[in-house]
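One structure is given here, and the rest of the page talks about it.
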Amino acid sequence: MESPLKETIPSVSQDDLEIIKATLNESSQAFGELVEKYQARLYNSIAHLFGPRDAEDIVQDAFVKAFQKLSTFRGTSSFYTWLYRIAFNTAVSYQRRHKTTTSLEQKKEKIGDYLPDKHDRPDECLEKKERAEKIQLALHLLNEEHQTILILREYEEMSYETIAEILKIPVGTIRSRLHRARICLKDAINQVLHKDFE
């Protein structure tokens, strides 16, 4: 399989480029290095967006698809951005197939446990855990569009350009959607807080 990549592509790291070329030259073992390099990061990203319960299956499927589609990688973005887009689309399809109505308690269970910083005092741990849970619950009250854009920007700290590339919408739309999502998140946090006092 002939590599479609040019010799020098600034957006792709030299290490990734060499591994990709080796994989395209029929060395499937080389692809294992990319899996090892990006698996944990991709899992954490997908777990933030879609919950830890489904993240492992989604990530495995994404790597299989990435391997199958590797010859289409043109290097116009970093390998991770390309891989993330595949994982994101895989996750969205997965969620649509398994979509069910969930209660607030089920959503709380889905987001997993908060891991406190080991340097926190016990009261700080509890406070941080409660705050993190409220934000996560509020986040899961938002529609999929708002959840996605907030997580990509706030949790993953991706640039507007990278988010636009992943979601395939203009940067201007990203900015306005993010602004609206932040407003909705504030409303959702108030809703979660109000529920606590009922």
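The values are calculated or read from the model by the stated rules, or taken from the named source; none is laboratory data. What you are looking at is a predicted structure, and each value in this text was computed from that prediction instead of being measured. FYI the Cβ positions are ideal-geometry reconstructions off the backbone, even for glycines, and counts take in every protein chain you see. To get the accessible areas, we keep the full protein, side chains included, count just its heavy atoms, and leave off ligands, DNA and RNA. Shrake-Rupley method; radii C 1.70, N 1.55, O 1.52, S 1.80 Å.
Brief remarks follow.
- Among residues of segment 138-165 that are closer than 13 Å to T81 by Cβ, none has a Cβ under 6 angstrom from a residue that is acidic (D, E) and open to solvent by 10 Å² or more (accessible area, probe 1.4 Å) at a sequence gap of 6+ or on a separate chain.
- Hits in segment 29-85 - residues which are under 21 Å from E154 (Cβ atoms), open to solvent by 60 Å² or more (accessible area, probe 1.4 Å) and among the aliphatic types (A, V, I, L, M): A40
- Count of segment 128-175 residues which are open to solvent by 50 Å² or more (accessible area, probe 1.4 Å) and either within 14 Å of H48 (Cβ to Cβ) or at pLDDT below 90 (or both): 16
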